[in-house]
Amino acid sequence: MEFSALQIADFLNGEVIGNPHVKVSSFAKIEEAIPGTLTFLSNKKYTPYLQETKADIVLINKDFEISESLKPTFIRVDDAYASLAMLLGLVEKSKKSKKGIENPVYIQETAKIPSDIYIGAFTYIGENVTIGNNCQIYPQVYIGENVTIGNNCILYPGVKVYHASIGNNCIIHAGAVIGSDGFGFAPEGEKYNKIPQIGIVEIADDVEIGANVTIDRATFGKTRIEAGVKLDNLVHIAHNVEVGENTVMAAQVGIAGSSKIGKHCSLGGQVGVAGHIRIGDNAQLGAQAGIPNSVKPNSVLLGAPAINVRDFAKSSAVFKNLPDLQRDVTLLKKEIEKLKNQEK
(Lines give C-alpha, C1' and ligand atoms only; values in the text may rest on other atoms or scores of the structure.)
Protein backbone atom coordinates (compact mmCIF):
# COMPACT_ATOMS: atom_id res chain seq x y z
CA MET A 1 0.00 0.00 0.00
CA GLU A 2 1.20 3.49 -0.88
CA PHE A 3 0.43 6.68 1.02
CA SER A 4 1.22 10.25 0.05
CA ALA A 5 2.77 12.79 2.38
CA LEU A 6 -0.55 14.66 2.41
CA GLN A 7 -2.51 11.54 3.45
CA ILE A 8 -0.02 10.79 6.22
CA ALA A 9 -0.05 14.39 7.45
CA ASP A 10 -3.86 14.39 7.55
CA PHE A 11 -3.86 11.17 9.60
CA LEU A 12 -1.27 12.55 12.04
CA ASN A 13 -2.59 16.14 12.12
CA GLY A 14 0.81 17.21 10.85
CA GLU A 15 2.15 19.82 8.44
CA VAL A 16 3.84 18.95 5.13
CA ILE A 17 7.07 20.78 4.29
CA GLY A 18 7.96 19.91 0.69
CA ASN A 19 6.15 17.83 -1.93
CA PRO A 20 2.72 16.77 -0.57
CA HIS A 21 2.24 14.23 -3.38
CA VAL A 22 5.37 12.13 -2.82
CA LYS A 23 4.42 8.54 -1.91
CA VAL A 24 5.96 5.88 0.32
CA SER A 25 5.21 2.19 0.79
CA SER A 26 7.54 1.17 3.62
CA PHE A 27 9.51 2.30 6.70
CA ALA A 28 13.26 2.46 7.35
CA LYS A 29 15.88 3.69 9.81
CA ILE A 30 17.13 7.11 8.83
CA GLU A 31 20.65 5.85 8.07
CA GLU A 32 19.39 2.87 6.01
CA ALA A 33 16.44 4.44 4.16
CA ILE A 34 15.94 4.04 0.41
CA PRO A 35 13.59 5.83 -2.01
CA GLY A 36 9.95 5.00 -1.35
CA THR A 37 10.39 4.79 2.42
CA LEU A 38 9.39 6.91 5.41
CA THR A 39 11.68 7.51 8.37
CA PHE A 40 11.63 9.72 11.46
CA LEU A 41 13.90 11.93 13.55
CA SER A 42 13.20 12.38 17.24
CA ASN A 43 16.73 12.20 18.64
CA LYS A 44 18.82 15.15 17.48
CA LYS A 45 22.07 13.17 17.56
CA TYR A 46 20.83 11.57 14.31
CA THR A 47 20.48 14.98 12.62
CA PRO A 48 23.63 14.53 10.45
CA TYR A 49 21.90 11.66 8.64
CA LEU A 50 19.42 14.13 7.16
CA GLN A 51 22.15 15.24 4.75
CA GLU A 52 22.48 11.75 3.26
CA THR A 53 19.22 9.89 3.89
CA LYS A 54 17.44 8.61 0.79
CA ALA A 55 14.04 8.50 2.48
CA ASP A 56 11.30 10.36 0.63
CA ILE A 57 9.45 11.41 3.82
CA VAL A 58 10.83 12.24 7.28
CA LEU A 59 8.69 12.74 10.38
CA ILE A 60 10.11 15.47 12.62
CA ASN A 61 9.10 17.28 15.78
CA LYS A 62 7.59 20.75 15.36
CA ASP A 63 10.49 22.41 17.17
CA PHE A 64 13.06 21.09 14.67
CA GLU A 65 14.64 23.66 12.33
CA ILE A 66 14.81 22.54 8.67
CA SER A 67 17.50 23.63 6.24
CA GLU A 68 16.28 24.52 2.75
CA SER A 69 19.10 22.43 1.27
CA LEU A 70 17.64 19.16 2.58
CA LYS A 71 15.98 16.95 -0.05
CA PRO A 72 13.28 14.88 1.74
CA THR A 73 9.72 15.96 2.26
CA PHE A 74 9.11 16.60 5.96
CA ILE A 75 6.00 16.19 8.07
CA ARG A 76 6.00 18.27 11.25
CA VAL A 77 4.21 16.61 14.18
CA ASP A 78 4.05 17.09 17.94
CA ASP A 79 6.01 13.87 18.62
CA ALA A 80 7.75 12.09 15.75
CA TYR A 81 8.27 8.84 17.67
CA ALA A 82 4.64 8.65 18.82
CA SER A 83 3.47 9.46 15.29
CA LEU A 84 5.61 6.67 13.88
CA ALA A 85 3.99 4.29 16.36
CA MET A 86 0.55 5.39 15.13
CA LEU A 87 1.53 4.72 11.51
CA LEU A 88 3.00 1.31 12.31
CA GLY A 89 -0.18 0.46 14.21
CA LEU A 90 -2.28 1.47 11.20
CA VAL A 91 -0.23 -0.79 8.92
CA GLU A 92 -0.45 -3.69 11.38
CA LYS A 93 -4.24 -3.38 11.60
CA SER A 94 -4.51 -3.43 7.81
CA LYS A 95 -2.95 -6.91 7.64
CA LYS A 96 -5.37 -9.78 7.20
CA SER A 97 -5.62 -11.76 10.44
CA LYS A 98 -5.79 -15.54 10.54
CA LYS A 99 -9.10 -17.29 11.20
CA GLY A 100 -10.15 -20.86 11.87
CA ILE A 101 -8.89 -23.83 13.85
CA GLU A 102 -5.94 -25.84 12.55
CA ASN A 103 -5.36 -29.54 13.15
CA PRO A 104 -4.42 -31.18 15.41
CA VAL A 105 -5.92 -29.09 18.24
CA TYR A 106 -7.55 -30.36 21.44
CA ILE A 107 -10.41 -28.34 22.93
CA GLN A 108 -12.38 -29.55 25.93
CA GLU A 109 -16.14 -29.64 25.36
CA THR A 110 -16.81 -27.22 28.24
CA ALA A 111 -14.57 -24.52 26.73
CA LYS A 112 -16.33 -21.49 25.21
CA ILE A 113 -14.71 -20.57 21.91
CA PRO A 114 -16.04 -17.83 19.55
CA SER A 115 -16.47 -18.44 15.85
CA ASP A 116 -14.01 -15.73 14.74
CA ILE A 117 -11.00 -17.19 16.57
CA TYR A 118 -7.71 -18.45 15.18
CA ILE A 119 -6.17 -21.46 16.95
CA GLY A 120 -2.87 -22.85 15.70
CA ALA A 121 -1.90 -26.52 15.53
CA PHE A 122 -0.93 -28.52 18.65
CA THR A 123 -2.74 -26.14 21.00
CA TYR A 124 -4.54 -27.46 24.10
CA ILE A 125 -7.53 -25.68 25.63
CA GLY A 126 -8.77 -27.03 28.96
CA GLU A 127 -12.09 -27.36 30.75
CA ASN A 128 -14.26 -24.29 31.36
CA VAL A 129 -11.94 -21.98 29.44
CA THR A 130 -13.59 -18.83 28.06
CA ILE A 131 -11.99 -16.94 25.17
CA GLY A 132 -13.30 -13.62 23.81
CA ASN A 133 -13.85 -12.46 20.23
CA ASN A 134 -11.17 -11.91 17.61
CA CYS A 135 -8.35 -13.66 19.46
CA GLN A 136 -5.26 -15.19 17.87
CA ILE A 137 -3.96 -18.34 19.60
CA TYR A 138 -0.79 -19.49 17.84
CA PRO A 139 0.54 -23.08 17.68
CA GLN A 140 1.62 -25.03 20.77
CA VAL A 141 -0.21 -22.81 23.27
CA TYR A 142 -1.48 -24.40 26.49
CA ILE A 143 -4.51 -22.86 28.21
CA GLY A 144 -5.40 -24.54 31.50
CA GLU A 145 -8.80 -25.12 33.04
CA ASN A 146 -10.95 -22.16 34.14
CA VAL A 147 -8.75 -19.60 32.37
CA THR A 148 -10.56 -16.59 30.92
CA ILE A 149 -9.18 -14.50 28.04
CA GLY A 150 -10.80 -11.26 26.83
CA ASN A 151 -11.37 -9.89 23.34
CA ASN A 152 -8.68 -9.08 20.75
CA CYS A 153 -5.87 -10.94 22.49
CA ILE A 154 -2.81 -12.51 20.86
CA LEU A 155 -0.98 -15.49 22.40
CA TYR A 156 2.13 -16.29 20.39
CA PRO A 157 3.62 -19.79 19.98
CA GLY A 158 4.46 -21.75 23.09
CA VAL A 159 2.64 -19.55 25.62
CA LYS A 160 1.53 -21.48 28.72
CA VAL A 161 -1.35 -20.17 30.84
CA TYR A 162 -1.98 -22.25 33.98
CA HIS A 163 -4.21 -20.25 36.32
CA ALA A 164 -5.13 -16.80 35.10
CA SER A 165 -7.66 -14.22 34.02
CA ILE A 166 -6.53 -12.10 31.07
CA GLY A 167 -8.24 -8.87 29.97
CA ASN A 168 -8.92 -7.35 26.54
CA ASN A 169 -6.33 -6.31 23.94
CA CYS A 170 -3.46 -8.19 25.58
CA ILE A 171 -0.40 -9.52 23.76
CA ILE A 172 1.64 -12.39 25.21
CA HIS A 173 4.81 -13.31 23.36
CA ALA A 174 6.36 -16.71 22.72
CA GLY A 175 7.42 -18.85 25.64
CA ALA A 176 5.78 -16.78 28.39
CA VAL A 177 4.42 -18.74 31.36
CA ILE A 178 1.47 -17.22 33.21
CA GLY A 179 0.27 -18.70 36.49
CA SER A 180 3.01 -21.17 37.37
CA ASP A 181 3.51 -21.89 41.09
CA GLY A 182 5.01 -19.18 43.25
CA PHE A 183 8.30 -19.98 44.96
CA GLY A 184 6.87 -20.99 48.33
CA PHE A 185 8.66 -23.46 50.62
CA ALA A 186 8.65 -23.88 54.39
CA PRO A 187 11.95 -24.99 55.98
CA GLU A 188 11.78 -28.09 58.17
CA GLY A 189 15.17 -29.16 59.47
CA GLU A 190 17.42 -29.67 56.47
CA LYS A 191 14.62 -29.85 53.90
CA TYR A 192 11.96 -27.56 52.45
CA ASN A 193 8.29 -28.44 52.28
CA LYS A 194 6.29 -27.04 49.38
CA ILE A 195 3.55 -24.56 50.26
CA PRO A 196 0.62 -25.19 47.89
CA GLN A 197 -0.13 -22.22 45.66
CA ILE A 198 -3.88 -21.82 45.11
CA GLY A 199 -4.26 -18.24 43.81
CA ILE A 200 -4.32 -16.90 40.25
CA VAL A 201 -2.77 -14.24 38.02
CA GLU A 202 -5.09 -11.40 37.03
CA ILE A 203 -4.05 -9.36 34.00
CA ALA A 204 -6.03 -6.22 33.10
CA ASP A 205 -6.60 -4.69 29.63
CA ASP A 206 -3.93 -3.50 27.17
CA VAL A 207 -1.04 -5.39 28.76
CA GLU A 208 1.88 -6.62 26.66
CA ILE A 209 4.08 -9.42 28.00
CA GLY A 210 7.42 -10.19 26.36
CA ALA A 211 8.97 -13.50 25.36
CA ASN A 212 9.86 -15.94 28.15
CA VAL A 213 8.33 -13.77 30.88
CA THR A 214 7.18 -15.71 33.95
CA ILE A 215 4.38 -14.48 36.21
CA ASP A 216 3.66 -16.67 39.26
CA ARG A 217 0.20 -17.36 40.61
CA ALA A 218 -0.53 -16.09 44.10
CA THR A 219 -0.18 -18.31 47.15
CA PHE A 220 -3.80 -17.28 47.64
CA GLY A 221 -5.60 -14.29 46.22
CA LYS A 222 -4.12 -12.67 43.10
CA THR A 223 -0.89 -11.68 41.45
CA ARG A 224 -2.14 -8.50 39.75
CA ILE A 225 -0.93 -6.79 36.56
CA GLU A 226 -2.88 -3.55 36.02
CA ALA A 227 -3.98 -1.99 32.72
CA GLY A 228 -1.38 -0.75 30.25
CA VAL A 229 1.62 -2.50 31.81
CA LYS A 230 4.42 -3.42 29.37
CA LEU A 231 6.92 -6.16 30.29
CA ASP A 232 10.03 -6.78 28.20
CA ASN A 233 11.49 -10.24 27.58
CA LEU A 234 12.71 -12.41 30.47
CA VAL A 235 11.00 -10.45 33.25
CA HIS A 236 10.00 -12.41 36.36
CA ILE A 237 7.04 -11.44 38.56
CA ALA A 238 6.76 -13.48 41.76
CA HIS A 239 3.65 -14.52 43.67
CA ASN A 240 1.25 -11.91 45.05
CA VAL A 241 3.07 -9.02 43.38
CA GLU A 242 0.99 -6.05 42.20
CA VAL A 243 2.13 -3.92 39.25
CA GLY A 244 0.39 -0.55 38.80
CA GLU A 245 -1.09 0.92 35.65
CA ASN A 246 1.16 1.84 32.72
CA THR A 247 4.34 0.70 34.43
CA VAL A 248 7.12 -0.54 32.12
CA MET A 249 9.93 -3.00 32.84
CA ALA A 250 12.97 -3.71 30.65
CA ALA A 251 14.51 -7.15 30.19
CA GLN A 252 15.55 -9.36 33.11
CA VAL A 253 13.80 -7.38 35.84
CA GLY A 254 12.96 -9.52 38.85
CA ILE A 255 10.27 -8.66 41.40
CA ALA A 256 10.21 -10.74 44.60
CA GLY A 257 7.03 -11.92 46.27
CA SER A 258 4.30 -9.62 47.64
CA SER A 259 5.95 -6.38 46.52
CA LYS A 260 3.74 -3.61 45.15
CA ILE A 261 4.92 -1.52 42.20
CA GLY A 262 3.11 1.80 41.68
CA LYS A 263 1.62 3.44 38.60
CA HIS A 264 3.71 4.87 35.75
CA CYS A 265 6.97 3.43 37.07
CA SER A 266 9.95 2.68 34.84
CA LEU A 267 12.35 -0.16 35.69
CA GLY A 268 15.54 -0.53 33.64
CA GLY A 269 17.15 -3.82 32.65
CA GLN A 270 18.13 -6.24 35.43
CA VAL A 271 16.55 -4.24 38.24
CA GLY A 272 16.02 -6.44 41.30
CA VAL A 273 13.26 -5.62 43.79
CA ALA A 274 13.18 -7.34 47.20
CA GLY A 275 10.02 -8.87 48.58
CA HIS A 276 7.27 -7.23 50.65
CA ILE A 277 8.18 -3.64 49.76
CA ARG A 278 6.42 -0.77 47.97
CA ILE A 279 7.63 1.25 44.98
CA GLY A 280 5.82 4.59 44.79
CA ASP A 281 4.10 5.97 41.69
CA ASN A 282 6.28 7.46 38.92
CA ALA A 283 9.50 5.99 40.33
CA GLN A 284 12.39 5.52 37.89
CA LEU A 285 14.83 2.72 38.70
CA GLY A 286 17.94 2.63 36.52
CA ALA A 287 19.46 -0.50 35.00
CA GLN A 288 20.81 -3.05 37.50
CA ALA A 289 19.46 -1.09 40.48
CA GLY A 290 19.09 -3.20 43.61
CA ILE A 291 16.04 -2.20 45.64
CA PRO A 292 16.12 -3.62 49.21
CA ASN A 293 13.65 -1.17 50.77
CA SER A 294 10.49 0.72 49.87
CA VAL A 295 10.83 3.66 47.46
CA LYS A 296 8.98 6.99 47.67
CA PRO A 297 6.90 8.26 44.71
CA ASN A 298 8.79 10.16 41.96
CA SER A 299 12.18 8.82 43.08
CA VAL A 300 15.01 8.37 40.57
CA LEU A 301 17.47 5.73 41.78
CA LEU A 302 20.59 3.94 40.56
CA GLY A 303 23.07 1.49 42.00
CA ALA A 304 23.03 -1.59 44.22
CA PRO A 305 21.84 -0.90 46.81
CA ALA A 306 20.11 1.91 44.94
CA ILE A 307 20.63 5.55 45.93
CA ASN A 308 19.48 8.90 44.55
CA VAL A 309 20.68 9.35 40.97
CA ARG A 310 22.62 12.53 41.81
CA ASP A 311 24.40 10.86 44.70
CA PHE A 312 25.16 7.91 42.43
CA ALA A 313 26.72 10.22 39.84
CA LYS A 314 28.92 11.81 42.52
CA SER A 315 29.89 8.39 43.86
CA SER A 316 30.77 7.16 40.37
CA ALA A 317 33.23 10.02 40.01
CA VAL A 318 34.90 8.82 43.20
CA PHE A 319 34.89 5.13 42.23
CA LYS A 320 37.07 5.66 39.18
CA ASN A 321 39.61 7.58 41.28
CA LEU A 322 39.90 4.92 44.01
CA PRO A 323 43.26 3.51 42.78
CA ASP A 324 44.80 7.00 42.91
CA LEU A 325 43.21 7.69 46.30
CA GLN A 326 44.58 4.42 47.67
CA ARG A 327 48.07 5.30 46.42
CA ASP A 328 47.86 8.77 47.98
CA VAL A 329 46.68 7.38 51.31
CA THR A 330 49.54 4.87 51.33
CA LEU A 331 52.08 7.64 50.64
CA LEU A 332 50.55 9.82 53.37
CA LYS A 333 50.76 6.96 55.89
CA LYS A 334 54.44 6.54 55.07
CA GLU A 335 55.06 10.26 55.54
CA ILE A 336 53.25 10.19 58.88
CA GLU A 337 55.39 7.25 60.02
CA LYS A 338 58.55 9.14 59.04
CA LEU A 339 57.44 12.19 61.04
CA LYS A 340 56.68 10.01 64.06
CA ASN A 341 60.13 8.40 63.87
CA GLN A 342 61.81 11.81 63.62
CA GLU A 343 60.01 12.98 66.76
CA LYS A 344 61.38 9.99 68.69
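The values are calculated or read from the model by the stated rules, or taken from the named source; none is laboratory data. Worth saying up front: this structure is predicted, and the values here are computed from it rather than measured. Counting neighbours? That spans all protein chains shown, and the Cβs are built from the backbone with ideal geometry, glycine included. Side chains are part of the model used for accessible areas, which takes the heavy atoms of the whole protein and leaves out ligands, DNA and RNA. Shrake-Rupley method; radii C 1.70, N 1.55, O 1.52, S 1.80 Å.
Using a 1.4 Å probe on the protein heavy atoms, what percent of the accessible area of the stretch 300-339 belongs to carbon and sulfur? Roughly 64 percent, rounded to a whole number. Cross-link partners of K29 among aspartates and glutamates, defined as those whose alpha carbon lies under 17 angstrom from its own and excluding same-chain residues fewer than eight positions apart: E52, D56, D79.
Taking a straight line from the alpha carbon of K194, not one of the lysines sits under 17 Å away once near neighbours fewer than eight places off in the same chain are left out.
Please work out whether the stretch 155-243 counts as rounded, prolate or oblate from its C-alpha gyration tensor, where a ≥ b ≥ c are the square roots of the eigenvalues and a/c under 1.5 means rounded, while otherwise a/b larger than b/c means prolate and anything else oblate?
Details: a/c = 2.47, a/b = 1.87, b/c = 1.32.
Because a/c hits 1.5 or more and a/b exceeds b/c, the stretch 155-243 counts as prolate.
Projected onto their three principal axes, the Cα atoms of the stretch 59-209 cover extents of 75, 46, 21 Å, largest first. Shape class of the stretch 74-128 from the alpha-carbon gyration tensor: prolate, with a/c at 1.5 or above and a/b greater than b/c. Per-peptide packing, taken as the mean over residues of other Cβ atoms within 10 Å, places 54-64, 114-124 in the sequence 54-64, 114-124 from highest down. When the Gaussian network model of the chain links Cα atoms closer than 10 Å, the mean-square fluctuations of E127, E52, E226 top out at E52. Long hydrophobic helices in the chain: the complete DSSP H runs spanning 20 Å or more by Cα along their own axis with mean Kyte-Doolittle hydropathy of at least 0.0 are 80-94. Under the simplified labelling scheme, the F27-Q342 pair shows an inter-label distance of 7.3 nm, with each label point 7 Å from Cα along Cα→Cβ.
Packing here is the average count of other Cβ atoms within 10 Å per residue, and on that basis the peptides 309-316, 246-253, 19-26, highest first, run 246-253, 19-26, 309-316.
Which whole-number value in Å² is the accessible area per residue of the stretch 267-344, probe 1.4 Å? Intermediate values should be presented prior to the final figure.
Details: 5680 Å² over 78 residues.
Per residue, the stretch 267-344 has an accessible area of 73 Å².
Taking every protein chain into account, the accessible area of the stretch 81-159 amounts to 55 square angstrom per residue (probe 1.4 Å).
When the accessible area of the stretch 99-161 is computed with all protein chains present and a 1.4 Å probe, what percentage of it is carbon and sulfur? Present the calculation step by step, with values, prior to reporting the outcome.
Numbers: 1430 of 2970 Å².
Carbon plus sulfur share of accessible area: 48 percent.
Only lysines eight or more places from K260 in sequence, or on another chain, were considered; those with a Cα closer than 17 Å are K222, K230, K296.
Rounded, prolate or oblate: pick one for the stretch 279-337, where a ≥ b ≥ c are the square roots of the eigenvalues of its C-alpha gyration tensor, a/c under 1.5 means rounded, and failing that, prolate if a/b is larger than b/c, else oblate.
Details: a/c = 4.16, a/b = 3.58, b/c = 1.16.
In terms of gyration-tensor shape, prolate.
Centroid-to-centroid, using Cα positions, the stretch 1-76 and the stretch 253-317 are 38 Å apart.
Mind jotting down a quarter of the surface of the convex hull over the alpha carbons of the stretch 106-166, in square nanometres, one decimal?
About 3.2 nm², averaged over all directions.
Diagonalising the gyration tensor over the Cα atoms of the stretch 1-147 and scaling each eigenvalue by 5 before taking the square root yields semi-axes of 45, 14, 14 Å, largest first.
Shown for the stretch 164-230: the carbon plus sulfur share of the solvent-accessible area, taken with all protein chains present and a 1.4 angstrom probe, equals 57%.
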